[in-house]
1. Among 175-182, 129-136, 618-625, 728-735, how do they line up by average Cβ neighbours within 10 Å per residue, starting with the highest?
2. Averaged per residue, what accessible area in Å² does the chain show with a 1.4 Å probe, protein chains only?
3. Cross-link partners among lysines for Lys763, C-alpha distance below 25 Å, same-chain residues fewer than 8 apart left out?
4. At a 1.4 Å probe, what is the % contribution of carbon and sulfur to the accessible area of the chain?
5. Which entries of Lys335/Lys756; Lys248/Lys312; Lys569/Lys768; Lys632/Lys768 have Cα-Cα distances beyond 20 Å here?
6. Checking the cross-link filter: which aspartates and glutamates have an alpha carbon closer than 20 Å to that of Lys307, excluding same-chain neighbours under 8 positions apart?
7. Could you please state, rounded to a whole Å, how far the C-alpha centre of segment 303-331 is from the C-alpha centre of segment 658-712?
8. If I fit a long axis through the Cα atoms of helix 310-325 and take the longest principal axis of the Cα atoms of the chain, what angle between them do I get, 0 to 90°, rounded to 10?
Amino acid sequence: MPFHFQRKTGSVLVGLDSLCIFLLISAACAIQTVPTLCAQTPAPELVLWYPQTANNWVEALPVGNGRLGAMVFGGVERERIQLNEDSIWVGDPSRQIPTGAAEALPEIRRLLFEGNYAQADALVRKRLLVGRRGDHTTHQTLGDLWIETDLTNRPTRYRRELALDTAVARTTFEVEGIEYIREVFCSVPDQVLVVRFSADKSAKVNLVITLTRTNSYVRPQGNDCLLMTGQAARGSLTNGVKFAVALKAVVDGGQVGAQGNSIRVSNANAVTLLLAAFTDYNMRNPSVPLTRDNAIVAVKHVSAAAKLAYKKLLNRSITEHKRLFSRVNLRLTDKPFANLPTDERLENVKRGAHDPDLIALYFQFGRYLLISSSRPGDLPANLQGIWNEHLVAPWGADYHLNINLQMNYWPAEVCNLAECHIPFFDFIESYAHHTGRRAARQFYGMRGFVAHYTTDAWLYLPTAGDPLWALWQMGGAWCTRHFIEHYWFGGDRTFLRDRAYPILRDAALFLLDWLVEDPTTGKLVAGPSASPENAFFGPDGKRYSVSMGTAMDQEIVWDTFNNFLAAAKELGISNELTGNVEAALSKLAWPKIGSDGRLLEWAHEFGEPEPGHRHISHLYGLHPGYQFTFDKTPQYIAAARKSLEHRLAHGGGHTGWSRAWIINFWARLRDAEKAYENVQLLLQKSTLPNLFDTHPPFQIDGNFGGTAGIAEMLLQSHEGQITLLPALPQAWRTGCFEGLRARGGFELSAWWRDGKLERVRVKSLLGKPCRLRYGSTLKEFKTAPGKIYTLRGPGLEW
Ligand code: FUC
């Protein structure tokens with residue numbers, strides 16, 4: 001049985017059943033050694049469902065296998081399934097890396113140190129932002145799969161759902177007493193999108209199936225298959241990725257025929273549509289397109305999948321999905337589960353209701369989205385994951401590096417999806433290899449590698465535009481912290497040696513060369529650059545963005561140097577470079593605290609034209625970094641809090657991702673109620689009916705940042721210890737999580753009631769000593785790899 005709970009009948013009952021199990025096991029938990037509390041709760045809380053079809057794209061439901069994606073609308077008479085493949089990119093790798101920044105730097109820096117922002121700005125525009133801005137590259141839709149039926153009468157018992165634990169989108173309804181069932185999923189093992197139409201009476205499935213996309217050509221292939229070939233293009237950019245799509249209809253009974261751009265199926269009992277898509281995009285080296293015949297590869301894939309029975313295809317897909325998805329469970333209440341449509345629940349929250357189950361669903365949806373958009377071997381999740389209906393997507397659905405791409409991967413390690421982090425590592429390494437090192441050398445005359453505020457599938461270095469967003473050199477260094485985190489969580493020493501250390505070294509090398517001495521303080525500062533996308537008032541009262549030693553730059557340098565030194569220490573490396581980095585670190589300027597106690601965003605106490613700005617870059621040292629901690633730098637914790645309060649008091653958090661970051665900040669500040677307030681606000685102001693995050697428009701980073709934030713409220717491990725329930729709000733006073741991961745190589749589960757920890761289970765993956773904190777209690781114990789340790793709260797007794 002692929003579905004382990006009944007969807008059509010009484011979910012309320014299932015909900016109550018599960019609640020009873022939850023309560024019973026909670027009571028018994030103290031004596032149970034390997035509890036499965038969360039796991040035993042069946043999964044009504046893992047379903048997004050709606051009693052109506054999706055009227056627009058942000059109501060449709062996403063499925064994906066990391067590379068292929070689809071949005072399912074659930075139309076009765078006419079079904080639309082919007083298609084994606086992650087490498088359908090406009091543009092080509094022909095953009096050049098300019099030269100000559102190095103010569104301009106001394107003068108720009110001199111002007112900035114003198115406070116001459118106007119002249120510095122002019123010189124920056126002339127000498128550093130020298131690139132040509134033509135049509136923007138963009139990720140594009142793969143088109144649409146349309147399925148016309150002969151069902152013109154109004155359906156009854158309509159239900160459209162996405163089960164997060166199986167990754168199957170299902171639409172069920174009745175027309176004239178016949179029940180129709182549709183299932184859609186994207187298989188990882190078979191690399192096909194599968195769409196199944198069936199009915200509970202024979203010979204009732206009549207369909208006309210069409211593939212459409214601009215810039216493409218669709219033709220029949222045999223009597224049950226369509227082939228679509230085309231190329232991504234936009235305006236002057238005509239040289240994009242070439243693709244091929246094969247669509248095959250496997251019918252059970254009835255007749256099938258293909259003509260023009262459609263397949264017609266008549267009087268079938270059921271139809272399984274198999275869709276495969278491949279492109280000539282070469283992940284390893286985008287300059288050299290793949291030469292394989294993608295049409296042949298696509299046809300091979302649908303033919304191979306057609307040899308498997310539908311149930312088999314389904315089970316293979318579910319097994320692979322569950323392997324990742326089922327590692328983590330979360331319940332945030334012991335109250336009965338609300339059996340309401342997801343959009344209705346969201347509306348209730350928008351009106352002020354509290355729905356911890358919806359937050360758990362949102363959390364699991366974030367995990368689901370990462371699993372579905374980021375699988376080893378594929379491109380990383382872009383600004384829209386892989387789900388994009390546009391030919392010109394907002395911001396090109398690219399890889400913004402001044403928060404967005406990194407935020408996509410915040411949940412990867414803690415939420416037990418380390419494999420899904422791999423595309424990020426591959427991508428950043430490929431960027432460093434093809435662009436970043438050359439850019440450091442050729443443009444800046446420096447060692448190591450550099451990335452600016454964004455890049456795309458062609459790994460380009462943007463060097464044009466307004467310095468407000470275009471002048472920033474920390475994108476690469478920020479990304480390298482993910483490499484060391486992967487090591488802290490999973491302990492893979494080969495990864496540390498071969499991947500984390502080299503990229504951290506190259507980030508550190510660039511920063512060593514990039515830093516200069518501030519003539520007034522003698523400290524090392526970075527610049528010229530902007531604090532991402534924010535402006536300040538210069539002494540002349542005018543708006544500027546370029547300065548030296550912004551808080552974020554200094555914090556990223558601190559973080560990168562520390563991460564590099566930690567990696568070197570783990571590997572027993574001590575050499576001239578580690579010595580130089582240590583020396584630079586000791587001379588590095590720290591961000592400043594202003595006269596009103598706030599952490600300053602710039603090196604001087606400038607006026608702020610936009611005090612509620614969405615980027616809260618100067619708090620990088622609070623999250624995702626950990627330069628600011630309660631134990632070591634409490635004055636910065638206090639200052640960060642003041643800055644955050646100030647930002648929020650001036651309308652901060654107005655984009656989805658900004659709100660998500662704020663949750664993480666409050667969690668690190670251990671302010672449970674503020675963190676929760678912002679979780680609510682994320683749902684209230686920045687969440688679409690299908691639970692996609694909205695910037696606006698739809699942008700997926702807020703989903704991932706929100707998921708990470710919820711985890712951060714329940715478990716932290718950045719201070720050399722594992723802190724349990726560091727920011728547990730009143731609204732979640734009874735609940736449990738299973739399977740979250742902590743740095744040091746631990747997998748944790750915890751159960752709490754009335755706001756107090758009842759029990760914690762620690763699985764040691766690496767056999768490292770464990771330092772466990774709950775409230776003011778700190779418990780330290782040795783562990784053995786693979787062993788499970790169970791302790792009781794609040795005193796953490798055995
Ligand atoms: C950053 C943000 C914008 C947007 C863009 C994709 O530059 O400042 O708000 O999210 O990325």
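1. Details: 175-182: 16.0, 129-136: 14.0, 618-625: 26.0, 728-735: 19.6.
Those peptides, ordered most packed to least, come out 618-625, 728-735, 175-182, 129-136.
2. With all protein chains present, the chain gives 34 Å² per residue.
3. Those lysines meeting the cut-off are Lys322, Lys779, Lys782, Lys787.
4. Numbers: 13980 of 27330 Å².
Carbon and sulfur: 51 percent of the exposed surface of the chain.
5. Numbers: Lys335/Lys756 17 Å; Lys248/Lys312 17 Å; Lys569/Lys768 16 Å; Lys632/Lys768 23 Å.
Over 20 Å apart, Cα to Cα: Lys632/Lys768.
6. Glu183, Asp190, Asp224, Asp252, Glu320
7. So the two Cα centres are separated by 29 Å.
8. 20
The values are calculated or read from the model by the stated rules, or taken from the named source; none is laboratory data. Nothing here was measured: the structure is a model prediction, and the numbers come from that model. Note that we place each Cβ from the backbone using ideal geometry, even for glycine, and neighbour counts take in every protein chain shown. The protein model used for the area step is the full one, side chains on, heavy atoms only, and it has no ligands, DNA or RNA in it. Shrake-Rupley method; radii C 1.70, N 1.55, O 1.52, S 1.80 Å.
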